[in-house]
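Note sheet for the following structure.
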2 protein chains.
Amino acid sequence: MFEMLFEHLARFVHINEQEREILQARLRYKKVSKKDFLLKQGQICTGNFFVLSGCVRLYSITDNGTEQILQFAISGWWISDYHSFQNNIPSTYNIQPVEDSEIAIITRSDSDELFQQIPVLNNYFRLLMQRAYTAALRKMELLLVTSAEDRYFQFVNNYPEFVQRVPQYMLASFLGFTPEFLSMLRAKGRSANHS
Amino acid sequence: MFEMLFEHLARFVHINEQEREILQARLRYKKVSKKDFLLKQGQICTGNFFVLSGCVRLYSITDNGTEQILQFAISGWWISDYHSFQNNIPSTYNIQPVEDSEIAIITRSDSDELFQQIPVLNNYFRLLMQRAYTAALRKMELLLVTSAEDRYFQFVNNYPEFVQRVPQYMLASFLGFTPEFLSMLRAKGRSANHS
């Protein structure tokens, strides 16, 4: 059930048989649909979520009531509000599936003990957090220096299947523009392909 | 010389005397001025830099030749291009002091061995990378949902000494607007204080 997670682990660190059993016994499995929440704004984030299948988004609600998506996670990615999770404080974010998804969960109550019992998990998550930070810096650069149009076409080129999979209004939110602007860009992309 | 770094470490993890000596022996010390570079675009990033005193910035050069600052580090912060550092590939960033600074360095060539010899460093950097990722997500949210004006005043309220310390054109770059726009906001802030 958690095979994909152990394969992911093995790409970064070596975990022995005993450690694998300890982790396996602690992991929780959850099947979630679009209406479920893994985290709701105001709650303390109680899980570190690994997407086994499907797609999940992390978003906040802006002052005018719209959703601002900050992060997607597809299969093979971890997602959580680590600030809330680590410091035991209410979250300002929501985490919700974009489509029916299967999730492996390390709960808050298990987390500290697992890091002690399986020290190599520190190494694994150090490398993953480093990657997440690097990617966030890159996204920040994209927001600061790239025009909305270039941002869209760069994203389409880099993640074509992702663009097919995620509803357009969510993609627009993630890239920082309105759904109307995205429709205009898509029309432009289509006519460029046909010319 | 590295006392501040060991104090920082102790806030997150326990490091024993032997581990402390191993790390102390490997750390490099560098005094740098505004004209020096810790990393130049196109080079492989060879260090993970801890600011003992002063202030350092990480920036890229945009297509039209201007600087885009993505990260500052003041005393007590680590900074690096972790993507370049980890994967041994040329960086797209520059890292340069904003003022005369003292830096502690873990070099690329020492890094892997140090993580093996002092396993608790994995825990330390896991927590730091997690914080850096969380902060980057927050900054991304600020860029996406907050008006330039609110962004500036939020920043001034949260980091008043920082605003005094960093040249205004750098602050403008970091917050994603022009120096002229920043001057206008500062004038507005002054007149609001006097009213």
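The values are calculated or read from the model by the stated rules, or taken from the named source; none is laboratory data. This structure is a prediction, so every number in the text was calculated from the model and none was measured. Counting neighbours? That spans all protein chains shown, and the Cβs are built from the backbone with ideal geometry, glycine included. For accessibility, only protein heavy atoms count, side chains too; no ligands or nucleic acids. Shrake-Rupley method; radii C 1.70, N 1.55, O 1.52, S 1.80 Å.
Report whether or not A:Glu19 is open to solvent by less than 40 Å² (accessible area, probe 1.4 Å) and either among the charged types (D, E, K, R) or more than 14 Å from chain B (Cβ to nearest Cβ) (or both).
Numbers: open to solvent by less than 40 Å² (accessible area, probe 1.4 Å): yes; either among the charged types (D, E, K, R) or more than 14 Å from chain B (Cβ to nearest Cβ) (or both): yes.
When the stated conditions are applied, A:Glu19 passes them.
Quick one: count up the residues across the range B:1-38 that are in contact (Cβ under 8 Å) with a residue 40 or more places away in the chain and touching a helix residue (DSSP H, G or I) at 6+ places or on another chain (Cβ under 8 Å).
11
Taking the range A:90-105 as the region of interest, how many residues are open to solvent by 30 Å² or more (accessible area, probe 1.4 Å) and more than 12 Å from chain B (Cβ to nearest Cβ)?
Step one: list which residues in the range A:90-105 are open to solvent by 30 Å² or more (accessible area, probe 1.4 Å), which gives A:90, A:92, A:99-100, A:102.
Then drop every residue that is not more than 12 Å from chain B (Cβ to nearest Cβ), which leaves A:90, A:99-100, A:102.
Total satisfying the criteria: 4.
A:Val120 fails exactly one of the following numbered conditions: (1) at the interface with chain B (Cβ under 9 Å from one of its Cβ atoms); (2) surrounded by 18 or more Cβ atoms within 10 Å (Cβ to Cβ). What is the number of that condition?
It fails just one condition, (2).
Could you tell me how many of the residues in the range A:113-143 are part of a helix (DSSP H, G or I) and more than 15 Å from A:Leu70 (Cα to Cα)?
Let us first name the residues in the range A:113-143 that are part of a helix (DSSP H, G or I), namely A:113-117, A:120-143.
Then drop every residue that is not more than 15 Å from A:Leu70 (Cα to Cα), which leaves A:113-117, A:120-131.
Qualifying residue count for the region: 17.
Could you tell me whether the range B:154-176 includes any residue that is under 26 Å from A:Phe177 (Cβ atoms) and away from every other protein chain (no Cβ under 14 Å)? Step through it out loud before you land on a result.
Keep residues of the range B:154-176 that are under 26 Å from A:Phe177 (Cβ atoms), which gives B:154-155, B:171-176.
Those left that are additionally away from every other protein chain (no Cβ under 14 Å): B:155.
For the range B:154-176, residues under 26 Å from A:Phe177 (Cβ atoms) and away from every other protein chain (no Cβ under 14 Å): present.
Under the condition of being assigned to a helix (DSSP H, G or I) and among the basic types (Lys, Arg), which residue from the range A:6-31 is farthest from B:Asn87 (Cα to Cα)? Can you show your working first?
Quick first cut of the range A:6-31, residues assigned to a helix (DSSP H, G or I) only: A:6-12, A:17-26.
In the following step, the residues that additionally are among the basic types (Lys, Arg) were identified as A:11, A:20, A:26.
Numbers: A:Arg11: 14, A:Arg20: 27, A:Arg26: 32 Å.
It comes out as A:Arg26.
Could you list, in sequence order, the residues of the range B:137-177 that are surrounded by fewer than 16 Cβ atoms within 10 Å (Cβ to Cβ) and of a type in the set (Asp, Glu)?
Once the filter is applied, which keeps residues that are surrounded by fewer than 16 Cβ atoms within 10 Å (Cβ to Cβ) and of a type in the set (Asp, Glu), the range B:137-177 yields B:Glu149, B:Asp150, B:Glu161.
Hey, A:His83 hits all of (1) buried (at least 19 other Cβ atoms within 10 Å of the Cβ); (2) of a type outside the set (S, T, N, Q); (3) away from every other protein chain (no Cβ under 12 Å) but one; which does it fall short on?
(3)
For A:Ala104, work out the one condition from (1) touching a residue at least 60 places away in the same chain (Cβ under 8 Å); (2) over 30 Å from B:Val13 (Cβ atoms) it doesn't fulfil.
Result: A:Ala104 passes all but (2).
Quickly run through the range A:137-174 and pick out the residues that are among the small types (Gly, Ala, Ser) and free of Cβ contacts under 8 Å to residues at least 60 places away in the same chain. First the steps, then the outcome.
Filtering the range A:137-174 for residues among the small types (Gly, Ala, Ser) gives A:147-148, A:172-173.
Of everything in the range A:137-174, those that are among the small types (Gly, Ala, Ser) and free of Cβ contacts under 8 Å to residues at least 60 places away in the same chain turn out to be A:Ser147, A:Ala148, A:Ala172.
Looking at (1) assigned by TED's automatic domain parsing to the domain that holds A:Val13; (2) polar (S, T, N, Q); (3) at pLDDT below 95, can you tell me which one A:Gln117 breaks?
So A:Gln117 meets the others, but not (3).
Checking A:Ala187 against (1) open to solvent by less than 10 Å² (accessible area, probe 1.4 Å); (2) over 27 Å from B:Arg126 (Cα atoms); (3) away from chain B (no Cβ under 14 Å), which test does it fail?
(1)
Does B:Ser109 qualify as being facing chain A (nearest Cβ under 9 Å), assigned to a helix (DSSP H, G or I) and of a type in the set (Ser, Thr, Tyr)? Steps first, please.
Working: facing chain A (nearest Cβ under 9 Å): no; assigned to a helix (DSSP H, G or I): yes; of a type in the set (Ser, Thr, Tyr): yes.
So B:Ser109 does not fit the description; no.
Taking the range B:139-153, which residues are of a type in the set (Lys, Arg) and more than 8 Å from chain A (Cβ to nearest Cβ)?
At the first step, the residues of the range B:139-153 found to be of a type in the set (Lys, Arg) are B:139, B:151.
Within the range B:139-153, B:Arg151 is the sole residue that qualifies.
Which residues, counting only those in the range B:34-77, are open to solvent by 50 Å² or more (accessible area, probe 1.4 Å), β-branched (Val, Ile, Thr) and part of a strand (DSSP E or B)?
Matches in the range B:34-77: B:Ile44, B:Ile61.
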